Amino acid sequence: MSDGPGSGRAPTAVGAPVGHPLLSLALTGMMDAVGAHSGAVYLRVGDEPVLDMAVMAGLPRSFAAPWERVGLSAPVPVADAARERRLVWVGGEEDMARSYPRIAVVLPYPFALAALPVATESKVYGAVFVTWPGSHPPELSDGERQELESACERLGRRLERAAAENRPVLPETDPLDTGPIGAVADTLGPIEAARMVARLPYGLCSLDLNGRVTFANAAATGLLGVAASRLLGTQLWASVPWLNDPMYEERHRAALLSQEATSFVALRPPSDWLSFRLYPSTTGISLRISRARGVSETGPARPARGDAPTRLVSMSQALSLAGALTETVSVQDVVRLVATEIAPAVGSQALALLGTRVGRLRVLGHHGYPDPQVVERCEGMPLTSPTPGAHVLAHGVPAFFDSVQQLERLYPARHATPDGFAAWAYLPLIASGRPVGACVLAYSEPHAFSTHERAVLTSLAGLIAQALDRALLYDTKHQLAHGLQAALLPPSLPPLPGIEATARYLPATRGMEIGGDFYDLVPSRPLPAAVIGDVQGHNVTAAGLMGQIRTAVRAYTTVGQEPAEVMRSTNRLLIDLGAELFASCLYLRLDPGHGRAVMARAGHPPPLLRRPDGRVRVLDLAGGPLLGIDGEATYATTEVGLSPGSVLALYTDGLIEAPGTDIEDAVTALGRRLGESGDRPLEEVADGLVGYHAAAEERIDDVALLLLRAHEGP
C-alpha cells in the first residue's frame, strides 16, 4: 500500500549509493598498514543474526566457501568478534586447533589471524578478519592492534553515516581479484628475459591468486603435455586432467595461506613422475616443474585418470561439513545444520529428514517448504505406500528425479500432493549398515543430476546418517532421562494447611540430563514435613538412589519419627544399601499453627528465611555429616520461628555454585534477590530465583528449589 497525500507520512527516499568502493579501500588499507596478506569484510544482513562476506582480498573466494555466510552464534572468529565486540587473535596452528577446531580441520596451515568488529556505540555493522603468514610472531603487536582497531572504527562510522543518509553500500569486486584473463602475452616483457626463461631446462608457470595460469614457458607445456593456448587463463588442475585431484589443489591452498614454499609429486600417465614446487607471494604463485628423481610406481599415490568433473563440494567444504556434523547433538541440530550448510552448498532450496517408527514414516524435520503441511502429510504413512520417500526408506537405494514429469512417470499418486518444487534427490541415510532415515533435497528448477553429483550427494548422505544416528540415540536417552526424572520427583505438591508451596527443578545439561537432586512435601499427621536433598552424580545410579531416599523419608515420616530420627534412619539405610554415593539432606517438620519449624541438616546448604518485613536470614543450622558416611552419626535439630508471611527457601548447591564464584557471595546474592521479590506471588519468586540458571545454555549441576510461605489460620 502506498502513502497517499493525506496519509501524514513522508515517503522514504533512497539516497545515492556510496560513491566509491568503501569496503575494498578500507580492507586493503588495513592490510597494508599491518602487513597482512589476506582479509575479508563481513556485513550484518539486516536484523538477522547473520554475517555475509561482502569483499575479500588476497585469497580466492573458494578458500572461504564454508564461511561465505555465517551465523552470529557460529564458532568462527568473525562471529565471535561481532557478537562479543572484541578483537579475536589466533596466533597460529595450535591456537586455531584449540579455539576453532572446525576451521583447523579445513585449513591446517601455519597462519595468524585477527578478527575485529565493525561497530559504533549503538550498532554492530559487521566484522573484519586479516591474516599473516605463519612466520608472524605469536602475539599481535600494540601497533598492529591500534591500526586495526582504528581502521574498523573509521569503517563503522562511515557505515553509520551511510545508513543515516539511507545510502546503500553497493556490491564490490574483491580488490585483488585479477578478473577473467583474456589474451595473455607469450613473453615476460623484455625479449632477453623471455629468451632466458625459454632456455631453462625446467618448466616455469605463473599462477594468479585463483590458480589461473598467466604464463608458461615451452618446457612447462612440454612436461605437462598441454598446449599453451589451453593453459593460459585456466586453472592448472582444470586444464591438466591428471592434476584434477583435491590433493594437488590443496597444495596450492597451503602455499597461499601460509606464504611458504611447498611441493608435491604427481604422475603423468602412463609412467612419468613430475615434481612441482610452488613459491607464493601476495600476488600469486611461481611454479617450477621438473622430472622427479628416484620415484617409482610404488611412490606417491596415482591420481585418477581421465577428465574429472568440477567438484560440486570442495574438499574444504566437505571437511567443514563433516566437522560441523560431529558437533550436532539432537535431531533438530542435524536438521538445522543440513538446512543452513549442506543444502545451500549443493544448490537445494528445501529439505526434509524422514525416519521410521513401527513400519511407518516419521517426519523428523524439514526446512524451506512454503507449505509445511505438504511434508507433514507423510507422517504415519506406511512404508509400503507408493511414494519415493517410503521406497527409499524401505530399500535403501537413492532416487533422483530431474523434473516433475520424471517423478510422475514412476509415482503418479505423488502428483496429488505437489510441493511446488521441480527436482528432487531422495537419499537413504545408512549408518553401520542399517537405514536410519532418508534425506529429501528439493530444487526449485529442473535439475539434471550428473554421475559425479549423485556420488557427492550419496557421500554427504553418509555423513548425515552418522550424525542422525547419534542424534536419534541422544533424543531417546534424553526422553528416557526426563521420563525417569519425572517419575522419581513428585508430579505436584500436596496442599498443606497454613503453608503455600512451590518448587522448581532444572537438570544439568551435561551427561544424560538426570541427577540426584530431589524435594518432597509429606502431608503426615499431626504435622506435615518437607525435605530437599542431593545425591552426588548425574546418572541413572544417582537418580535411582535419590528415589530410594525420598521413599525412605516418606516412610519414616509417616510412622511418626522425629526429625533427628528420620535423618539417622535414612543415613543407616543408605549405608546398608552399600551404595558408594553420598547425599546431602535438609528435613523440616512444619508447625504453621504455632509459627515454627523443626529442622535437621546433613551437610546441605543452609536455608534462607525471609521475614514479613523483608529481612533475610541465613539459617546456619547445627547438623551432621553427609548421609552414607558414618553409620553412627547423629543429627541435631534446630527450632526456627515461622511467622505468617515468612518465606523459607530450600535449595541444592547447583543454585549457588558456579566456577569462579565464592559460595558465601552467592548465598548473599540469593538472599538479596529473595528479599527484593519475597512479597510477590510465590510462583514469580521461584521463577526469579532460578531465572539465570533456566536461561543458561549449560548447567554443570542440577538445580532444585523448594519455597514455603506460612499463612494465617489453621
For a quick protection proxy, order the peptides 649-656, 522-529, 160-167 by their average other-Cβ count within 10 Å, most packed first. 649-656, 522-529, 160-167
Leaving out ligands, DNA and RNA, what percent of the accessible area of segment 362-441 is carbon and sulfur, probe 1.4 Å? 57
Keeping all protein chains in the complex and leaving out DNA, RNA and ligands, what accessible area do you get for C439 with a 1.4 Å probe, in Å² to the nearest 10? 0
Write down the Kirkwood hydrodynamic radius of segment 535-676, to one decimal in angstroms, obtained as one divided by the mean of 1/r over all alpha carbon pairs. 16.1
Considering all alpha-carbon pairs of segment 73-128, what whole percent are spaced by more than 12 angstrom? 62
Order by protection proxy (mean Cβ within 10 Å, highest first), peptides 449-456, 111-118, 425-432: 111-118, 425-432, 449-456
Efficiency of FRET between E376 and Q332 - r from beta-carbon atoms, R0 25 angstrom, step 0.05: 0.95
If you count, for each residue, the other Cβ atoms within 10 Å and average over each peptide, how do 282-288, 138-144 line up from highest to lowest? 282-288, 138-144
Taking one equal scatterer on every alpha-carbon of segment 238-286, how large is log10 of I(q)/I(0) by Debye at q = 0.26 1/Å? -1.00
Counting Lys and Arg as +1 and Asp and Glu as -1, what is the net charge of the other residues whose Cβ lies under 13 Å from the Cβ of R572? -3
Test item: Cα-centred dipole of segment 58-125, Lys/Arg +1 and Asp/Glu -1 on Cβ, debye: 240
If you take the Cα atoms of segment 222-265, find Rg, then find the Kirkwood Rh from the mean of 1/r over all pairs, what is Rg/Rh? 1.00
How large is log10 of I(q)/I(0) for segment 358-432 at q = 0.14, 0.15 Å⁻¹ when the intensity is taken from the Debye formula with one equal scatterer per alpha-carbon? -0.44, -0.51
In bins 10 Å wide, starting from 0, what share of all Cα pairs of segment 56-182 does each bin hold, as a percent? 12, 38, 36, 12, 1
Neighbourhood charge, 12 Å Cβ-Cβ cut-off, centred on G641 and excluding it, Lys, Arg +1 and Asp, Glu -1: +1
Can you work out the accessible area per residue across segment 342-418, with the rest of the protein chains kept in place, probe 1.4 Å, in square angstrom? 51
Apportionment of accessible area to carbon and sulfur, segment 514-651, percent (1.4 Å): 51
Can you list the residues of segment 630-659 with backbone N under 19 Å from a point 7 Å past the Cα of A666, pointing along Cα to Cβ? 649-659
Treating only the Cβ atoms of Lys and Arg (+1) and Asp and Glu (-1) as charged, compute the dipole magnitude of segment 546-661 about its Cα centre; round to the nearest 20 debye. 440
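The values are calculated or read from the model by the stated rules, or taken from the named source; none is laboratory data. Just so you know, these numbers come straight off a predicted model, no measurement behind them. So basically every Cβ, Gly included, is an ideal-geometry build from the backbone, and we count neighbours across all protein chains shown. Please note that ligands, DNA and RNA were not included when accessible areas were found on the heavy atoms of the full protein model with its side chains. Shrake-Rupley method; radii C 1.70, N 1.55, O 1.52, S 1.80 Å.
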